[in-house]
Amino acid sequence: AFLQQETNYTCFDITGHPIWILGQQYDGTQESELVSAKADVQSRVWLTYRCNFSPLSGSCQYTSDKGWGCMLRCGQMLLAEAMSRRHLGRSWRWGKESREADYLQLVSMFEDNIEAPFSLHVMTAMGCTVGKDVGEWYGPNTVAHLIKKLPEFDMWNKFVVCVVNNNTLFVEETRNSCKESHPNGWDPLLVIVPQRLGINAFNIFYQEYLQSMFRIPQCLGVLGGTPSHALFLIGYIGDEVIYLDPHTTQDSVCIGKKMRAEEFAADETYHCNNTPHMPIAHLDPSLAVCFLCNSELEFRDLIKRLRSNENSCKLLEVMECMPDYMKEEITSMTDANDSTTQFTNHSATSSENKLFHQSSSRCKKKVSSSIANESTSHLENKFFYQGSTRCARNVSSLSVIESDQIIYRRISDPGESEDSNNSTGVVRRRFEGHNASVGFFNLFTLDDDDDEEEEQAKISESDGQQKSPSSDESFEWLSL
């Protein structure tokens, strides 16, 4: 089989650091534990670039995904891990002689043909329906929304997929979605939390948060990587993240029932013999943290862990139920668009009008947000929600000045328009991470061609002037 190695892999060495892999801890000082950790990594289903498969739909008729399909392969690895956890269990270990029926069926669902429900052919065809051409690179947020649609083609697992929006997980609505088919039972829940841990680069402030996610038993992994280089993150050791890398090109194969020698050889291409790891600081800030809850008991445990984790509380809001005003706005959007969009069902390419309003004052502003745009050259038109005043504020003209500083235009009063003379002050703020008073905020990047405000920010920066809010002005800092 054709195999091209494109990454320099390293293996675990004896260190003073524990090794965490998807909720499982290993002692980094013991040789036997290092062997067990390697076996754990090798047992994950490894999906890589493939070549010589039947042509994908589209004008280019691709027969390989080399160079563009890495994030889609990471999405496949996420689904494969969820299926392995559901049907084989977390303690299952792969071997060259492994021939369990559930395992063989699992692998067959990712083979490169149109009949496989989670194949590259199905994922790229679905991507075309949301504006992604075959051969175009995907980001973690877009793949998360594709994964939400894929269970429609799968009757074996019956996953319920919740893609968390606005960094806010609503417990009641999520729980109810897992009981729709049988009120006294539970459909397995796959929770995906797209996040941005920095602006142009990964902010080391969030390292402990990311590490704490790998210590949660329900953790399935993280869709992430380095800039333009997708990786499936599965754990950490010290200050380094452990991952599976799809950037190896192999022939398209079929393992069948694993009876013949070529089928045994084909099966080995789905497992990585190395344990690659790299500094967490090298990660791209755009990623998606994923969890699996096979039962309601596991879901309750996950919620308990997220609420008690001081690191996750900074970046993921867990609310018991969705506020009434948000339900009303979703209902109004649904009626206006004549759609059946659920609270987690947002198209990865559609622009939606979202209303945020407060119950105690007159603030009510509107923003059109595009989820699909994952550009990070500048961030504009952000909304955030301040929990103590229940007031949505508009922050515009946000552009990067330095890696740890941001600059944006202040709107003095929630009721003022953006054209108000009092709303043109420019404020400079050192980037310090999440503000505990902020309940949740959106991180949607918008396509805004208005360069006038950005130019104004640059002028203010060159002047070196810093305006502080007066005591009689309504003002909130934006902390990411």
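Which links in K66/K96; K38/K179; K96/K132 stretch past 30 Å when you go from one Cα to the other?
K38/K179; K96/K132
Mean separation of Cα pairs under 8 Å and 6+ residues apart, divided by the residue count of segment 134-279: what relative contact order is that in percent? Normalised by residue count, the contact order of segment 134-279 is 14 percent. For segment 89-183, the carbon plus sulfur part of the accessible surface works out to 52%, probe radius 1.4 Å.
With Cα atoms defining each centre, segment 80-105 and segment 231-305 are spaced 13 Å apart in the structure. The simple spin-label model puts a point 7 Å past each Cα toward its Cβ; for C321 and A265 those points are separated by 6.1 nm.
For segment 199-277, the solvent-accessible area works out to 31 Å² per residue, with a probe of 1.4 Å and every protein chain left in place.
With 5 Å bins beginning at zero, the pair-distance distribution over Cα atoms of segment 89-129 amounts to 5, 22, 21, 18, 13, 12, 7, 2, 0 %. The modelled label-to-label distance between D154 and H282, using points 7 Å beyond Cα along the C-beta direction, is 3.0 nm. Full extension of the chain between D102 and D13 gives 28.7 nm of extra length, using 0.36 nm per residue less the Cα-Cα distance.
Taken over the Cα atoms of segment 31-187, the convex hull encloses 161 Å³ per residue.
The values are calculated or read from the model by the stated rules, or taken from the named source; none is laboratory data. In this text, all values refer to a predicted model and were calculated from it rather than measured experimentally. When we count neighbours, we look across all protein chains shown, and the Cβ atoms used for this are built from the backbone with ideal geometry, even at glycine. What goes into the accessible areas is simple: the full protein's heavy atoms, side chains included, and nothing from ligands, DNA or RNA. Shrake-Rupley method; radii C 1.70, N 1.55, O 1.52, S 1.80 Å.
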